[in-house]
Amino acid sequence: MDQVTSVLTLRPWALVTWPALAMVLGTIVRALLGSRASRLALVPRTAAGLLGILTAPFLHANAAHLVANLPPFVVLGAAILRRGQRVFLTASLTVALASGLLLWLFGRRGAHMGASGVIFGFFGYLMAVAYLSRSAVDVLVAVAVLVIYGSMLAGLRPARASVSFEGHFFGLVAGIGTAWLEHIA
C-alpha cells in the first residue's frame, strides 16, 4: 500500500499518475454521459469546443481507446520526466495546449477526444530533443521510443473517419515545436 500511496502522492511519479487516473475517470464519465459527453470534447471552431482543449485528452470513446492510449502516455511521459519535473510539466502543458489549439483551429468538424495528440506530442518531443541535443542518453531514449512506438506514425494518415489523424499530426508538430523552443531558450 505504501508504494501505491507513493506513486499517487510523491513527485515525480504523481505527475504522470494523476493525469493517467484522470483519463480512466474521464472514460468512465464518457460512458455514463454517452453522447452528452461530446460537450466536453474538442469541437473545432466552435465556442463550446474551446473547453475541449482542456478536457478532451482525458475523455476516451471506450475502454479499448483508453487501453490504446494509457500505456504510451505513461511510458513516453516517464521518458520526458527523466529530464526533470519542470521540463515534464512545461512540455506536457505546452504540447497539450498547442496541439489542442491547432486541432481547434484546423481540425475536421466533429467531436475529437482522447490523449493521442498528447502522446504524439510526447513522441515528437523526444525525437526532436534527441536530434537537437545530440546527447547520447537522449539519442538512446529516442531510438528505444522509435523501436517501441514507431509504428504509431501510421496514425498520421487518414484511415477511419472516427480517428482524429489531424489530432495526431498536430500533436507531433506541437511536440517538435516544444522541443525546439526549449532548445533555443
Phi to ³J(HN,Hα) by Karplus 6.51 cos²θ - 1.76 cosθ + 1.60 over region 84-89, Hz, x for Gly, Pro: x, 5, 5, 4, 4, 4
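Using helices alone, I'd like the mean residue ellipticity at 222 nm for the chain: each DSSP H run of four-plus residues gives -39500 (n - 2.57), total over residue count, nearest 500.
-22500 deg cm²/dmol
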Using 0.36 nm times the number of residues separating V24 and A161, minus their current alpha carbon distance, what extension gain do you get? 46.9 nm
Extension reserve of the A63-Y131 stretch, reckoned as 0.36 nm per residue once the Cα distance is removed: 21.0 nm
For the chain, calculate the relative contact order in percent as a whole number, restricting contacts to Cα pairs under 8 Å that are 6 or more residues apart. 23 percent
Options (1) 87, 34, 23; (2) 47, 42, 29; (3) 49, 39, 33 are given for Cα extents along the principal axes in Å, and the computed one is (2)
Could you point to the residue in L126, G114, I148 farthest towards the positive end of region 71-185's charge dipole, with +1 and -1 charges on the Cβ of Lys/Arg and Asp/Glu respectively? G114
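What net charge do the residues around A128 carry, taking every other residue with its C-beta under 11 Å from that of A128, with Lys and Arg at +1 and Asp and Glu at -1?
-2
Read the figures in this text as sums done on the coordinates, not as results from a lab. Keep in mind that this is a model prediction, so the values were computed, not measured. All Cβ positions, even for glycine, are placed from backbone atoms using ideal geometry, and neighbour counts span all protein chains on display.
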